[in-house]
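Here is the structure we will look at.
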Amino acid sequence: MLKTFSLGGVHPEENKFSAGKKIEVLPVPEQVSVPIAQHIGAPSEPVVKKGDEVMVGQLIAKSTGFVSANIHSPVSGKVFKIDDVLDASGYKRKAIIIKVEGDEWDESINRSDDLITDITLSPEEIIKRVGEAGIVGLGGATFPAHVKLSVPPGKKCDILILNAVECEPYLTADHQLMMEKGEEIMVGTQILMKALNVDKAVIGIENNKPDAIAHMSQLATKYSGITIEPLKVQYPQGGEKQLIDACTKRQVPSGKLPIEVGAVVQNVGTTYAVYEAVQKNKPLFERVVTVTGKSVSKPSNFMARVGTPVSQLVDAAGGLPEDTGKVIGGGPMMGKALSNIEVPITKGSSGILIMPEKIATRKPVENCIRCGKCVSVCPMGLSPYLLMTVSDKSVWDRAEEEKIMDCIECGSCSFTCPANRPLLDYIRLGKGKVGQIMRSRTK
Amino acid sequence: MNVVLITIISLGALGSLSAIILFFVAQKFKVFEDPRIDQVEEVLPAANCGGCGFPGCRAFAEALVKADDISDLNCPVGGADTMSAAAGILGKEVTAAAPMVAVLRCNGTCDNRPKTSNYDGASSCTIASTLYGGETGCSFGCFGLGECVDACDFDAMYMDEKTGLPVIIEDNCVSCGACVTACPKDIIELRKKGPKSRRIYVSCVNKDKGAPAKKACSAACIGCGKCVKTCPFDAITLENNLAYIDYEKCKLCRKCVDVCPTNAITELNFPPKKPKVEKAETAE
């Protein structure tokens, strides 16, 4: 019997159309716009100004705190301007816009494809290098990686868990990365294990990727301490707490971080970025992005530079289909609809999903029929129907009591609701308000 | 018979004893309440809207009785009449506050501001605003989902189907500010009602630069500054590409309305001024 997490979960149609498609390197665009806030935490501070010449991999925005991340130029060329540009949500955010000239890489970056297995850096140096390279969680949450690797004093980490679950339907970026860069991911895992001073690492892969499980298992025999854990297909297994539960049966207490149970979770994409940063001195400025959808003529996995407009990826995948209803940044469950496709790819863009109009639009909202399906699928053991009501009625103290802040926004409740109620929308609203109240209390 | 008598006597005794105890307890724990609070509350509108800044009319009445100087306190719903009545009961001075009214600072009608996307999420402005910038190119303007209308307790607002914007019914608006708090985009403002309800305001909150603002909405303030230069009373300030008219300084001369290239400045309840326009043209 395959392992999975203990509470709730759903199993949406997988639709992995782009599975097995080789990662294509996308041509460098003519112009990139690199947002200065691509991660959770404080936005970075630009260190270049209009007219500056930059090289690929050069630092262009500096991290402004512990929970923040450096940003490096994804292209070479001239800084055209630093201005507010539309982001995926339709609000204007500050971005560095670079006109591309050639493709000059910073000399310190090792561009060869050779596998370097010797880890020469000390744990402190690794964490520093990861921080300098601006690596953030590439699964989509974009939490700065060096923060997770810095185990707080008094806490002990004894297991590293690699998230190769890719539980979002449609997306195949991590899957393909494992197939093509498996060795590098193994070395990356060893680097992370050294940084965390643990001798045990588990790579959790869902059972719908048998080729990846076989490939990685075969590679793992060469490296000590790494085991592959095939998992039952269940959404949202890629959630940190769910994955820890699935792999180790440890439960992270409410409001606490995974380190509380001695675990650190990193995404496989992040692990690959760590390998490149530590062994090749290459900062994070490109990533694998899946472009897919039911009517997309050429579902693909691209290696794209940060700042590339989404429209260029869509064109490379065969253009926008005629029946397009929504273009979603991320997967269908947690992704967000883009208000315009000229917005740039960021460090957190795991996929671009093009939904036909027929399945993209929401159905009319009906009354709650008290079936309790949302309660049974909630992986955090919450009562979504109740949280929606208290958020709607602004009963914030009750919302806090009902542990609204535990919600991981996986959307299983909205997905499963037979009355099409926008449960997550209201819970998100409540989370925002309750978070505000809780922060003002601690001040 | 005997039983009935005993019952009556014992119960009577018990009752009188309790009454005596209650009498002394009431004396001992008597709470003095200023009778004026009740009197003042009587003249307040009993709308409990919170427009005065207090939780309900009773709390406002208590505040009125307690305060030595009540000139800072105002019941926007009752207006000058209510306040002078309350002041009369208390024997305090009150200066009549200028009546205020809510105005919508957005002119992004369906015609002025074309749609660029469709929103089909939860029908709430607050939720929509946390998700994205809106269905049009303007990320500052009205979402048109009517959270302000829901917040209004005085039937002073409705959604105009044609324009997609809320409309404020001036006669019903009591300037309680419920809509101002409800709007997540800070579009609604309380402004002085003005003589004969005449007022002038910049009907836009777009802080984008001129070109993108104009592209998103033909009635947007593009921050050109013409109005600032024209205003003889220094009532207009320009900040972040957006003009703002200070209603305390504005003398309602309407010069800014004429120079605004996008008609972002709205004038309300003025008589038509055809002859003046002709004059200005011939003078040029």
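Here, each number is a calculation from the coordinates, and none is a lab measurement. Given the structure is predicted, the values throughout are model-derived calculations rather than measurements. Backbone-built Cβ (ideal geometry, glycine too); neighbour counts: all protein chains shown.
The table for this structure:
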item: Cα-centre dipole for the protein assembly as shown with unit charges at Cβ (Lys and Arg positive, Asp and Glu negative), debye to 20; result: 400 debye
item: Backbone HN-Hα couplings from phi across the stretch A:177-186 [Karplus 6.51/-1.76/1.60, Hz, Gly and Pro as x]; result: 4, 5, 5, 9, 10, x, 4, 4, 5, 4
item: Value of Rg to Rh for the stretch A:39-153 (Rh from inverse mean 1/r over Cα pairs, i.e. Kirkwood); result: 1.00
item: Loop GluC sites (Glu not before Pro), the stretch B:155-263, which have at most 12 other Cβ atoms in a 10 Å radius of their Cβ (DSSP); result: B:E161, B:E248
item: Farthest toward positive dipole pole in the protein assembly as shown [+1 Lys/Arg, -1 Asp/Glu at C-beta], among A:S112, B:I127, A:T227; result: B:I127
item: In order through the stretch A:438-443: 3J(HN,Hα) via Karplus (6.51 cos²θ - 1.76 cosθ + 1.60), integer Hz, x for Gly, Pro; result: 5, 5, 5, 6, 6, 5
item: Cα lying deepest toward the dipole's positive end in the protein assembly as shown, options A:S339, B:V228, A:I23, charges on Cβ; result: B:V228
item: Pairwise centroid distance, computed over Cα atoms, of the stretch A:46-82 with the stretch B:168-221, Å; result: 39 Å
item: Violating pairs (Cα-Cα greater than 30 angstrom) within the set A:K94/A:K155; A:K431/B:K162; A:K81/A:K347; A:K94/A:K148; result: A:K94/A:K155; A:K431/B:K162
item: Neighbour cut-off at most 11 other Cβ (10 Å), DSSP loop, trypsin sites (Lys or Arg not before Pro), the stretch A:17-108; result: A:K22, A:K49
item: Within chain A, helix-based [θ] at 222 nm, where runs of 4 or more DSSP H residues each add -39,500 (n - 2.57), nearest 500; result: -8500 deg cm²/dmol
item: Long-range amide H partners of A:I96 with built H, under 5 Å; result: A:V34, A:I36
item: Ascending count of other beta-carbon atoms within 10 Å, so fewest first, for A:L313, A:L320, B:L5, A:L2; result: B:L5, A:L2, A:L320, A:L313
item: Student exercise, the stretch A:1-63 dipole from Lys, Arg, Asp, Glu Cβ charges, in Debye to nearest 20; result: 200 debye
item: Cα gyration tensor, chain A - rounded (a/c under 1.5), prolate or oblate; result: rounded
item: The stretch A:273-313-the stretch B:67-115 distance, computed between alpha-carbon centres (Å); result: 57 Å
item: The stretch A:97-189: GluC sites (Glu not before Pro) in DSSP coil with no more than 14 other Cβ atoms inside 10 Å; result: A:E101, A:E107
item: Label zone at A:E13, where the point sits 7 Å out along the Cα-to-Cβ direction: the stretch A:169-205 residues whose backbone N lies under 19 Å; result: A:169-172
item: Isolated Cys residues of chain A, judged by Cβ distance under 4.7 Å to other cysteines; result: A:C157, A:C167, A:C247, A:C368, A:C371, A:C378, A:C407, A:C410, A:C417
item: With at most 11 other Cβ atoms within 10 Å, longest stretch of chain B clear of loop trypsin sites (Lys or Arg not before Pro) (DSSP); result: B:31-161
item: Positive-pole candidate from A:G188, A:T271, A:S414, dipole of chain A, charges at beta carbon; result: A:S414
item: Sequence of A:Y235, A:Y170 once ranked by neighbouring C-beta atoms within 10 Å, starting from the fewest; result: A:Y235, A:Y170
